[in-house]
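Have a look at the structure below, then the notes.
The values are calculated or read from the model by the stated rules, or taken from the named source; none is laboratory data. Owing to the predicted nature of the structure, the values given are computational and were not obtained by experimental measurement. Don't worry about glycine lacking a Cβ; one is built from the backbone with ideal geometry, like all the others, and counts go over all protein chains shown.
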Amino acid sequence: MSEPVVVIGAGLAGSEAAWQIAQRGVPVRLYEMRPEVRTPAHVTGLFAELVCSNSLGSTLTDRAPGVLKEELRQLGSLILSVAECTSVPAGRALAVDRERFAAAVTERITGHPLIEVVRQEVKSIPTDGVVVVAAEPLASDSLSADIARLAGSDAIAFFDAMAPIVTLESVNMNVAFRASRYDKDGDYINCPMSEAEYDRFVEALATAETAPLHGFETGDQRFFEACLPVEVMARRGRLVLAYGPLRPVGIRDPRTGRRPFAVVQLRQDNGAGSLYNMVGFQTNLRFGEQERVFRLIPGLERVEFVRYGQMHRNTFIDSPRLLEPTFEFRRRRGLFFAGQITGTEGYMGSTASGLMAGINAARRALGLDPVVCPPETVIGALSRYISNEAIKDFQPMKANFGLMPPLAEDPGSHSRKAAFRDRALAAMQAFILGEDLLPKGATA
C-alpha cells in the first residue's frame, strides 16, 4: 500500500479531499487541530463545521450554484450527499441543520477504514510526499506563516462574517409571516418594514458602535468587500439595504396584500425548526448594539439571540501565480491546496476545490497525472479562474456562468442559462467516463 496522503484541515474542502483520496484506495492521514487548538469562529471539534450561513446556495439548475451541485453529485461528493441528508426547509436553496451536518460528516470520515484522523496542529507543511493543504477558513498563525514563506510573499487576508441566530419562539408572528419570494406559502419568516420603520432602522444601524479592528485588519481594504457587513451597507446610502438583503421583491404581506417597503428574512437553522438565522445580516456590531438595533426590526422587538454576528479572518493565496488548474502548487509536484484558501468562494466552491484536489492527490499517489475538468463545466471554469496567470489583482470568486466559455450559438435570454447547464453536465459526464474518474463500483 502507498504512503498516506497528508490532508491538513477537516473543513469542507479537507473532508471532501480526504474522502475522495480514500475512496480511491489510497490511505489518508487527516490532521485537524480542533478542539485542542481553537479558532475565533468555530465552537466545536466537528469536521466541516459551518461558521457563517447554514445555506449552501441555490438548487435551481438554471443557476451556476445549482449546476455546480449537479456536477458534484456526478463526481460523488461526500459533502453534498451529507448536506442533502441533513437539509432543512429553505425554499429553492439547500440549507442544513449545521450540527447534524457536521456530526454526520465527522462520522463518515472517522468511520472510513483508510482515513487516520490526527487531532494535532500542523505548524508547517510537510516537505515530503503528497500533501493537501485545506486549512480553512482559519489557518493557524504558524501554518499561515509557513504558507507565506512557501509562496515567497505575504499571504493575502480577507475577512468574513457570521449572521446572528435567534429563537423562533421569540419572534412575534403577529407581525412576521411565513413566505418565500413569489410563493404564497414558504420556508422563510419575513419581518415587513414600512418606509418610516426602515429609515429609523437604517439610521440606527449606520451610527451603531462596531467592535474594534486590529491593525492588520484596518490596513486591508478587502475587509469589507468579501462579505459586506450590514452596517457598512447602511453607511453607503439610505436605499442600499432596500436594494440588497432587505429587498422586498416577490414578497407580499398577507395581512395587507401589499409589498412591504423592505423585509428582513429569517431562514431555518436547525432540523427542529427552533432556530433561525438573519439572512444577509453579517455584522461587526458590538453584541449590545446588535440587541438594540436589530430589535428595531418589526417582529423582533423581544427576540432572543443564541449567537451574535461576528467578523473573522480568512486567508487566501495568490492562486494565479502559485497554482495549476489541478490545484497543484506550481513549484512543488505533489503539493495541493484546496478550499477558500485558493479563492474558490462559498461552501460549494470550497467543496469543489477539495474534491478535485483530492482526486488529483490520489492520482499522484497512484502514479497517474492530475486532471482538469472541462472549461465548459462550472468546476472547470473555477479551476481555470483561480490559476489564470493573467489576473493581476486576484479576488475570490463564486460559481457563475460568466467564467464559462461563450455558447456556440446564443439561444436567447430565456434559454441561455439552460443551455449553459446542459452543456456543462454533458461535458462533465463525458469527462468522467473518458478519464474513468470514479472509484470502482461508483457510477456517474
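Return yes when residue 329 is surrounded by fewer than 23 Cβ atoms within 10 Å (Cβ to Cβ), aromatic (Phe, Trp, Tyr), outside the structural domain of residue 26 (by TED's automatic domain parsing) and out of contact with any Ser or Thr (no Cβ under 7 Å at 6 or more places or on another chain) and no when it is not. Judged against the criteria, residue 329 is not a match.
When region 251-269 is filtered for residues that are surrounded by fewer than 21 Cβ atoms within 10 Å (Cβ to Cβ) and touching an Asp or Glu at 6+ places or on another chain (Cβ under 8 Å), the ones remaining, listed by number, are 259, 261. Screening residue 91 against (1) at pLDDT below 90; (2) assigned to a strand (DSSP E or B) leaves a single unmet condition, (2). Scanning region 394-412 for residues that are farther than 16 Å from residue 316 by Cβ and either outside any loop (DSSP other than H, G, I, E, B) or not hydrophobic (A, V, I, L, M, F, W, C) (or both) gives 400, 401, 402, 403, 405, 406, 409, 410, 411, 412.
Being in the same structural domain as residue 379 (by TED's automatic domain parsing) and either within 18 Å of residue 271 (Cα to Cα) or crowded, with 21+ Cβ neighbours inside 10 Å (or both) is a description that does not apply to residue 25. Within region 87-99, identify whether any single residue is surrounded by 18 or more Cβ atoms within 10 Å (Cβ to Cβ), out of contact with any Cys (no Cβ under 6 Å at 6 or more places or on another chain) and closer than 22 Å to residue 356 by Cα, and answer yes or no. Scanning region 87-99 turns up at least one residue that is surrounded by 18 or more Cβ atoms within 10 Å (Cβ to Cβ), out of contact with any Cys (no Cβ under 6 Å at 6 or more places or on another chain) and closer than 22 Å to residue 356 by Cα.
Among the residues of region 275-287, not a single one is farther than 21 Å from residue 206 by Cα and among the charged types (D, E, K, R). Being modelled with pLDDT of 90 or more and not hydrophobic (A, V, I, L, M, F, W, C) is the requirement here; does residue 369 meet it? Yes: the conditions hold for residue 369.
Applying the criterion of being within 26 Å of the chain's Cα centre (by Cα) and among the aliphatic types (A, V, I, L, M) to the residues of region 162-192, the residue that is modelled with the highest pLDDT is 189.
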